[in-house]
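Where a number appears in this text, it was derived from the coordinates with a stated rule and is not lab data. Predicted, not measured: the structure shown is a model, and the values here were computed from it. Every residue, glycine among them, receives a Cβ derived from its backbone with ideal geometry; neighbour counts consider all protein chains shown.
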Amino acid sequence: MSVAKAGLHARRQSPGKSQDARGNDALHVVTTVQTLQTPVLVLNASYEPINICGARRALVLVLKGVARTEEEQGAELHSARVRMALPSVIRLLEYRRIPHQTRALSRKNILLRDRNSCQYCGVILPSAELTLDHVVPRSRGGLSTWENLVAACHSCNRRKGNHLLSEIDHMKLIREPRPFTLHTSRHIMRMIGHSDQKWRKYLYY
């Protein structure tokens, strides 16, 4: 019997229950199904985040010995024979090779790579208040590439102007710009804003 069936089977109502009891059981079954659909972060054996799955699938992987629970949600699944804490993060026990894809070069992805922070002064701003700066200005041969585009606030962008960094005192890049190769899927990146807080130490920002 699967984990989901075991959990629901343990809560089936008896024929003699009252209408209120049947209603409570129905609500409990719905709650259990929703709980089993709660997203769980999946880590590779190297602790690299690689996917998101439902709690039911995560429990199956743990029961099969394919993964282990790294973080728990705080809820438990009960049945006549099974009592397990629902995982929030699981880690595969064997390393899986996952192809890493570089995101398309765009303003949105540059800002995501640079975490919405100016790469000269470090201030974090909403996307609308940031610009893209060519480290080597286009007028001086600079290209629009991952390595030559960075997020910048308007103040730093004006200060840098058409100069090279070597020509400006006390102005340098906080980090070397590189292609944005995601170690997490787009779905994981979308989940960052409202995921379990326990995920955050495993995700790259």
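Return one quarter of the surface area of the convex hull spanned by the alpha-carbon atoms of region 44-103, equal to its mean projected area, in nm².
That works out to 4.8 nm².
Tell me, what are the semi-axes, in whole angstrom and largest first, of the equivalent ellipsoid of region 107-167 as set by the roots of 5 times the Cα gyration tensor eigenvalues?
On the way: eigenvalues 67, 35, 14 Å².
Taking √(5λ) for each eigenvalue gives 18, 13, 9 Å, largest first.
As an exercise, identify the GluC sites (Glu not before Pro) in region 58-108 lying in DSSP coil whose Cβ has no more than 11 other Cβ atoms within 10 Å. Let's see the in-between values first.
Working: sites: Glu70, Glu71, Glu72, Glu76, Glu94; in loops: Glu94.
Answer in residue order: Glu94.
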